[in-house]
Amino acid sequence: MASSSQSVAATYSPILAEAEAILRGLQFACDTSLLPVIIESNAAVFVCRKADQVAYFLAKNVLLSATDSFWMEEYPPCVSSFVLADCKGCDSVCSRWFA
């Protein structure tokens, strides 16, 4: 598991911003040898903020940060409670992180 929070210099539509994020994520995966990769995207579909708290707070966090951040085998502290809430009822994939 890995994650990153990176700022983008330009303003994009949600779909172009999501495409840029996917491209950067693929580069991050290749650079760190985290392959194969599963990509999930919801830019083309409206998802209410409450249903996607992890993505919302990651995006908000990058606006408050002056530097790009990368996490390996963990997730950013700003989304800890939301990750735990998302994983309630998940299978063993989530439970290994919170045992």
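The values are calculated or read from the model by the stated rules, or taken from the named source; none is laboratory data. The model shown is predicted, which means the values in this text are computed figures rather than measured ones. All Cβ positions, even for glycine, are placed from backbone atoms using ideal geometry, and neighbour counts span all protein chains on display.
Tabulated data for the structure shown
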quantity	calculated
Close pairs (9 angstrom Cβ cut-off, 6 or more residues apart or separate chains): at negative phi and among the aromatic types (Phe, Trp, Tyr) in the stretch 74-88, modelled with pLDDT under 80 and assigned to a loop (DSSP other than H, G, I, E, B) anywhere	TYR75/MET1; TYR75/TRP97
Residue match in the stretch 68-85 (condition: farther than 17 Å from MET1 by Cβ and either exposed (fewer than 10 other Cβ atoms within 10 Å of the Cβ) or modelled with pLDDT under 75 (or both))	no
Residue list for the stretch 1-37, filter: assigned to a helix (DSSP H, G or I) and under 14 Å from SER69 (Cα atoms)	ALA21, ARG24, GLY25, PHE28
Matching residues in the stretch 30-63 - criterion: being among the charged types (D, E, K, R) and either over 13 Å from the mean Cα position of the chain (by Cα) or modelled with pLDDT of 75 or more (or both)	ASP31, ARG49, LYS50, LYS60
